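Taking it in order: structure first as structure tokens, then the write-up.
The values are calculated or read from the model by the stated rules, or taken from the named source; none is laboratory data. All values reported here derive from a predicted model rather than from experimental measurement. All Cβ positions, even for glycine, are placed from backbone atoms using ideal geometry, and neighbour counts span all protein chains on display.
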Amino acid sequence: MRIFLLSLVFSFFILQSSFGQSGYFEDALRFSQNNPSGSARIMAIGGTQWSLGGDVSNISGNPAGLGFFRSSEASATLGYTNTSVNTTFLGQQRSYSTPNFYVPNLSFVMANPKNDILNSSGFKGGSFGISFQRIANFNTEYGYFSDEIGETSILDFYIQDAFGVRESQIESFGLTGLAYLTYQINPITTDENGNPIPNPDTYDSFVLGFPFQDESIVQEGSASQMTFAYGANFNHKLFVGASLGIRTLSFSSRKIYSEEFFDEPLLNSSVAENLFINGTGVNLNFGVIYKPIDYWNIGFNFQSPTWYQLNEEYGASTVANYNNYLFEPEDIVLGTEEAATDLFLNRYNLNTPLRIGGGTTFFLGKNGFISADVDWVDYSNANLNSNDFNTSPDNDVINNLYGSTINFRVGAEFVIDKFRLRGGYAQFGDPFLDSDIDRSTQQISGGVGVRIKNISIDFALINQQNDGLYRSYQVLDENNNNIGPSTFLENSITSGYLTFGISF
């Protein structure tokens, strides 16, 4: 199991991992936030697709839209994403940029429409679709570096975290145990009267000052989905569909946190954490689109939870460099002291929250359309379970930390002969129930397309922006407030999509 520092689990107002605790409750949010994806056409109009049929994105979006196809279609999309993060720590700013090329969508639709003249039944045929989509990109890098003295030290966290833990047990107590093994914290072995304390459970440190601090976080990986879907057409008025999604997920994270002291026995120290997660999941998707009149579509979509089975590997190490300090209780001279945890191998299940959405599309004759979507998702409904460790603390955090969001998207397409002009806007709500910053995501998109006989080429450009807060570790003051270091994050993700399609 990952090193699990319970004093951090209930620090509710964090976006990224607390130091020494890549909590499973964070996986619940990280692996549940999947924004709409698809072809360049759909992405250019803000990702709206609950009521708009006839696009390959319907395979994993609203499968009812497959009932609109009158001919088969194959398409491939190429993508480029640049993730930019601007961080602010103690008034000092740093910028990071992570580029990524990938294939976000490969789709095939096999249409089987019925001839209206020969077919008198209400069923007008349908289409089968299969697609491979990149639904989440975890590639990013950020951190901070300070030439200002910090206001706390991770030693403060170690001392608080070790309180009540007997010395006979402290070595196996996560990162705090590593701090003990490298003499960064030491037990208080005598009481106020000078009497020895057997098996003490309180600790202090001979390092008294505050350090310079820096940290680097590198994350990599993605989540992809293979989707099998079918959509049916009834009287060209009612369209229904369903799909089965099979997901694969891979995520890795490496953190290196460092402190440098001035005029102290401890020159510097660093802690490295390595985490790797992979696994598979399955989900179901049901949709309906209804046309009250020819130029108006109304859509509804239900996406089940994704039931994941995940595997993880976690390990951590620490290095402390001393200035040949004589540690009198053990009569040793401290130089470079190192310690590492075992490699933890674990398995657990994650059920992401379900999603309910609806939308409407108005057609402007043959001149284009305007479409809008809204959906609801409650991240507090995510759930963890495992036979390898106790998931109750993380599930309690999920219930108290996360809340429901209302997400909306609006987009439009205008037809000019063979060309298409597109634009869109989306807002994804803040998943945190209570916070001192707004973590909602704003998205602006646009694009162009061209249709030449049975060939289509579409391009989309999308920008997403949101703010976040990263806490390296937790130190509580007398009022139980976290006064540990916090870093403000400004995230900007710019993506380009190019889709080639052929119908036959």
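Worth pointing out:
- Residue within segment 52-64 that is polar (S, T, N, Q), touching a strand residue (DSSP E or B) at 6+ places or on another chain (Cβ under 8 Å), at pLDDT 90 or above and in a strand (DSSP E or B) present: no
- Single residue of segment 117-147 satisfying the filter (in contact (Cβ under 8 Å) with a residue 24 or more places away in the chain and part of a loop (DSSP other than H, G, I, E, B)) that is surrounded by the fewest Cβ atoms within 10 Å (Cβ to Cβ): 147
- Of the residues making up segment 8-41, those that are of a type outside the set (D, E, K, R), at pLDDT 75 or above and not in a loop (DSSP other than H, G, I, E, B) are 24, 25, 28, 29, 40.
- Filter result (touching a Ser or Thr at 6+ places or on another chain (Cβ under 9 Å) and not aromatic (Phe, Trp, Tyr)) within segment 376-392: 377, 378, 380, 381, 382, 383, 384, 385
- Of all residues in segment 343-370 being under 30 Å from residue 247 (Cβ atoms) and either assigned to a loop (DSSP other than H, G, I, E, B) or hydroxyl-bearing (Ser, Thr, Tyr) (or both), the one that is nearest to the chain's Cα centre (by Cα): 352
The rows are residues; the columns are (1) under 20 Å from residue 149 (Cα atoms); (2) of a type in the set (A, V, I, L, M, F, W, C); (3) surrounded by 15 or more Cβ atoms within 10 Å (Cβ to Cβ).
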residue: 464; (1), (2), (3): no, no, yes
residue: 472; (1), (2), (3): yes, no, yes
residue: 475; (1), (2), (3): yes, yes, yes
residue: 482; (1), (2), (3): yes, no, yes
residue: 490; (1), (2), (3): no, no, yes
residue: 502; (1), (2), (3): no, yes, no
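- Failed criterion for residue 468 (all others in (1) part of a strand (DSSP E or B); (2) out of contact with any Asp or Glu (no Cβ under 9 Å at 6 or more places or on another chain); (3) at pLDDT below 95 hold): (2)
- Test: residue in segment 276-283 that is among the β-branched types (Val, Ile, Thr) and either over 25 Å from the mean Cα position of the chain (by Cα) or not in a strand (DSSP E or B) (or both): no
- The number of residues in segment 449-460 that are touching a residue at least 40 places away in the same chain (Cβ under 8 Å) and either surrounded by fewer than 16 Cβ atoms within 10 Å (Cβ to Cβ) or over 15 Å from residue 38 (Cβ atoms) (or both) comes to 3.
- Taking the criterion of being over 25 Å from residue 228 (Cβ atoms) and free of Cβ contacts under 8 Å to residues at least 40 places away in the same chain, the only residue of segment 257-288 that qualifies is 276.
- Filter result (part of a strand (DSSP E or B) and among the aliphatic types (A, V, I, L, M)) within segment 202-244: 217, 218, 223, 226, 229, 232, 238, 240, 242, 244
- Residue match in segment 332-339 (condition: closer than 22 Å to residue 32 by Cα and either surrounded by fewer than 20 Cβ atoms within 10 Å (Cβ to Cβ) or of a type outside the set (A, V, I, L, M, F, W, C) (or both)): no
- Filter result for residue 297 (closer than 30 Å to residue 222 by Cβ and buried (at least 16 other Cβ atoms within 10 Å of the Cβ)): no
- Selection status of residue 150, at pLDDT below 95 and touching a helix residue (DSSP H, G or I) at 6+ places or on another chain (Cβ under 9 Å): no
- The number of residues in segment 79-116 being buried (at least 20 other Cβ atoms within 10 Å of the Cβ) and closer than 17 Å to residue 234 by Cβ comes to 1.
- Residue 127 vs. criteria over 13 Å from residue 233 (Cβ atoms) and of a type in the set (Ser, Thr, Tyr): no
- The residue that is farthest from residue 482 (Cα to Cα), among those in segment 148-166 that are among the charged types (D, E, K, R) and surrounded by fewer than 23 Cβ atoms within 10 Å (Cβ to Cβ), is 166.
- In the set (1) among the polar types (S, T, N, Q); (2) over 24 Å from residue 443 (Cβ atoms); (3) part of a strand (DSSP E or B), the condition left unmet by residue 407 is number (2).
- Counting the residues of segment 371-404 that are in a strand (DSSP E or B) and crowded, with 19+ Cβ neighbours inside 10 Å gives 7.
- Residue in segment 289-307 that is in contact (Cβ under 8 Å) with a residue 12 or more places away in the chain, touching a strand residue (DSSP E or B) at 6+ places or on another chain (Cβ under 8 Å) and within 30 Å of residue 164 (Cα to Cα) present: no
- Positions within segment 408-439 being of a type outside the set (D, E, K, R) and over 30 Å from residue 450 (Cα atoms), in sequence order: 429, 431, 432, 433, 435, 437
- In summary, residue 322 fulfils each of the numbered conditions (1) surrounded by 15 or more Cβ atoms within 10 Å (Cβ to Cβ); (2) under 20 Å from residue 51 (Cβ atoms) with the single exception of condition (2).
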